[in-house]
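I have placed the structure first, in the form of structure tokens, so that the comments after it can refer back to it.
The values are calculated or read from the model by the stated rules, or taken from the named source; none is laboratory data. All figures in this text were calculated on a predicted structure; none of them were measured in a lab. Counting neighbours? That spans all protein chains shown, and the Cβs are built from the backbone with ideal geometry, glycine included. In case anyone asks, the SASA skips ligands and DNA or RNA and just uses the protein heavy atoms, side chains included. Shrake-Rupley method; radii C 1.70, N 1.55, O 1.52, S 1.80 Å.
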Amino acid sequence: MTDRNARSRWRVAGMMALAAVSATCSARQTAPPPGTAQPDRYLSERGTEAIKMEKWLDARTYFQQIVDGYPQSPFRPDAKLGVGDTYLGEGSAESAVLAANEFREFLQFYPTNPRADYAQYKLAMSHFQQMRAPDRDQTETKAALAEFDVFFQKFPNSPLTPEVKQNWRIARDRLSESSYRVGLTYYRLKWYPGAMDRFREVLRDDPGYTGRDAVYFYLAESLARTDKRAEAIPYFERLLAEFDQSEHLDDARVRLEELKNQ
């Protein structure tokens, strides 16, 4: 085990210990009343109400009691997901790590559960919430995309697919934007070979990138400025053909006409 992995596991273990202490302290106030006929159902209903009101700690305390105290309860799988949802709802980097742990354990314990697709989606979202700006480290973006891909492979018919695709596109755009910005930096430094490599990488790896109008334009300009007129023209034409709105349209038309008239 590497030092980095060891630190990561200690970090998760520490946060889980703190979470357990918090849940234990709150349990005294949220335990089922004495004589409750179906205490696990009571806890599930209270947890669901609390999560709708975004009372994350209260909801987690209700759900955690089911997970810990009712191993045979039919409400236990949903309670496990509920615990993960409360961590994800808190929105911090630390809680996202704890959320990922809950969803990953759910998939280990209940791989055939009807809500396994939901768990896989939320596992991806635990990384999605930690994505950084395009000019920062993209480790979490790549992790989110990897978990989204697992979702598409395992649950192709899930009703969650349209929503998952929307968030996949956001994450994929983030990664492509990161590469595009590197290329743009090279372009502004007039290191056109490096710029062209980055722009081509974006188009190869993510042909659906929503910001590809800029990629087309600066790739074409890089080619034109290195005496590759014949290669530049098709990218200006693709920009004009695929986009009705782009800040680069007018410049592309001018440059295309100039290159064709040379």
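Values computed for the structure shown
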{"item": "Rounded, prolate or oblate (a/c below 1.5 giving rounded, otherwise prolate when a/b exceeds b/c) for the stretch 161-262 by Cα gyration tensor", "result": "oblate"}
{"item": "Gyration tensor verdict on the stretch 54-151 (Cα atoms; rounded if a/c is under 1.5, prolate if a/b is larger than b/c, oblate otherwise)", "result": "oblate"}
{"item": "Per-pair calculated FRET efficiency, R0 = 22 Å: Lys165 and Glu49 via Cβ, rounded to 0.05", "result": "0.10"}
{"item": "Part-to-part distance (alpha-carbon centres) for the stretch 184-210 and the stretch 134-151, which is given in Å", "result": "20"}
{"item": "Per residue accessible area in Å² of the chain, where ligands, DNA and RNA are left out and the probe is 1.4 Å", "result": "56"}
{"item": "Of all accessible heavy-atom area on the chain, the percent that carbon and sulfur account for (1.4 Å)", "result": "49"}
{"item": "For the chain, the Rg and Dmax computed from alpha carbons only, in angstrom", "result": "24.9, 90"}
{"item": "Reach of Lys190 by Cα under 19 Å, taken over lysines that are not fewer than 8 positions away in the same chain", "result": "Lys228"}
{"item": "The stretch 165-261: GluC sites (Glu not before Pro) in DSSP coil with no more than 11 other Cβ atoms inside 10 Å", "result": "Glu247"}
{"item": "³J(HN,Hα) computed for each position of the stretch 90-103 - Karplus, 6.51 cos²θ - 1.76 cosθ + 1.60, integer Hz, glycine/proline x", "result": "5, x, 8, 5, 5, 5, 5, 5, 5, 4, 4, 5, 5, 5"}
{"item": "Per-residue [θ]222 nm for the chain (sum of -39500 (n - 2.57) over DSSP H runs n ≥ 4, rounded to 500)", "result": "-25500 deg cm²/dmol"}
{"item": "Extent along principal axes [Cα atoms of the stretch 210-262; Å; largest to smallest]", "result": "28, 17, 14"}
{"item": "Partner lysines for Lys165 [C-alpha distance under 29 Å; skip if fewer than 8 residues away on the same chain]", "result": "Lys52, Lys55, Lys80, Lys122, Lys142, Lys154"}
{"item": "Whole-angstrom gap from the stretch 219-262 to the stretch 81-118, using each part's C-alpha centre", "result": "47"}
